[in-house]
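The numbers here are math on the coordinates, done by the rules we state, and not lab data. This is a predicted model, so every value here is computed, not measured. Cβ sites come from the backbone with ideal geometry, for glycine too, and all protein chains shown count toward neighbours.
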Ligand code: CDP
Ligand code: CDP
């Protein structure tokens with residue numbers, strides 16, 4: 001049982017989990033856990049080591065020896081900066097493949113639990129409220145229509161100078177959502193007691209403000 005307040009934010013691809021989590025954490029001066037980054041790092045490490053992604057035992061071994069470094073907003077794997085390298089759609093799709101293996105999830109569990117330190121934590125992912133932090137003070141299932149999520153991802157990539165195609169993005173995100181929802185271990189679904197937040201018509205700031213209001217409410 002963690003001793004500090006945890007706000008768990010789960011939801012499908014590009015629903016705004018990362019941006020909302022960092023905005024909420026900034027306002028409360030809390031830490032952030034980007035759990036998806038751990039699955040992406042495991043996928044990238046598998047790719048770097050030419051591990052067959054259909055080999056669950058091999059992927060589990062990679063997850064067990066994962067030793068990433070998060071420093072000043074940058075992410076390092078075996079001494080190499082991989083902040084942008086883990087954000088590609090290919091790594092995302094591969095992350096969703098290895099994330100279906102129970103052994104991989106088990107290997108990353110403790111790493112995630114250790115993030116719950118004072119003054120508090122905003123944890124973003126797929127199973128933060130259901131599996132990793134079931135005791136979280138506030139659980140949110142953040143969602144938005146597939147079209148608005150694809151558009152957001154499109155703009156996000158464009159800002160980085162990466163061109164993409166909306167139809168491909170919709171198809172990729174639906175693929176990944178399906179795999180995340182259909183897996184037998186820790187499937188993506190609202191945790192018990194989670195509040196559903198549909199951000200389709202909301203700006204990022206409006207979404208952050210709503211989460212902060214719900215958090216204050218939970219403390220009243
Ligand atoms: O972490 P996740 O994949 O769920 O999403 P994200 O990377 O935080 O958000 C995807 C993009 O949507 C970012 O560029 C956000 O600024 C944007 N966004 C938005 O436009 N409106 C919202 N209500 C939430 C996020
Ligand atoms: O930001 P985006 O929504 O694209 O994905 P992410 O949060 O970076 O996660 C990448 C993949 O890791 C997801 O599609 C899931 O398959 C997996 N994941 C998971 O299984 N459990 C988590 N707590 C976080 C991510």
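Here are the numbers for the structure shown:
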| quantity | calculated |
| --- | --- |
| Packing-based exposure ordering (other Cβ within 10 Å, fewest first) of 35, 145 | 145, 35 |
| Rg(Cα)/(2.2 N^0.38 Å) for region 67-119, N = residue count | 1.30 |
| For q = 0.16, 0.18 Å⁻¹, Debye-computed log10 I/I(0) when each Cα of the chain counts as one equal scatterer | -1.15, -1.47 |
| Antiparallel bridges, percent of DSSP beta bridges restricted to region 25-183 (to nearest 5) | 55 |
| Packing-based exposure ordering (other Cβ within 10 Å, fewest first) of 131, 20 | 131, 20 |
| Separation of alpha-carbon centers, region 149-220 and region 1-42, rounded to whole Å | 12 |
| Computed log₁₀ I(q)/I(0) - Debye formula, equal Cα scatterers, no solvent, region 123-220, q 0.13, 0.14, 0.18, 0.22 Å⁻¹ | -0.56, -0.64, -0.98, -1.22 |
| Ranked 88, 207, 42, 143, criterion: other C-beta atoms within 10 Å, fewest first | 88, 143, 207, 42 |
| Mean ellipticity per residue at 222 nm, deg cm²/dmol - from DSSP H runs of n ≥ 4 across the chain, formula -39500 (n - 2.57) | -15000 deg cm²/dmol |
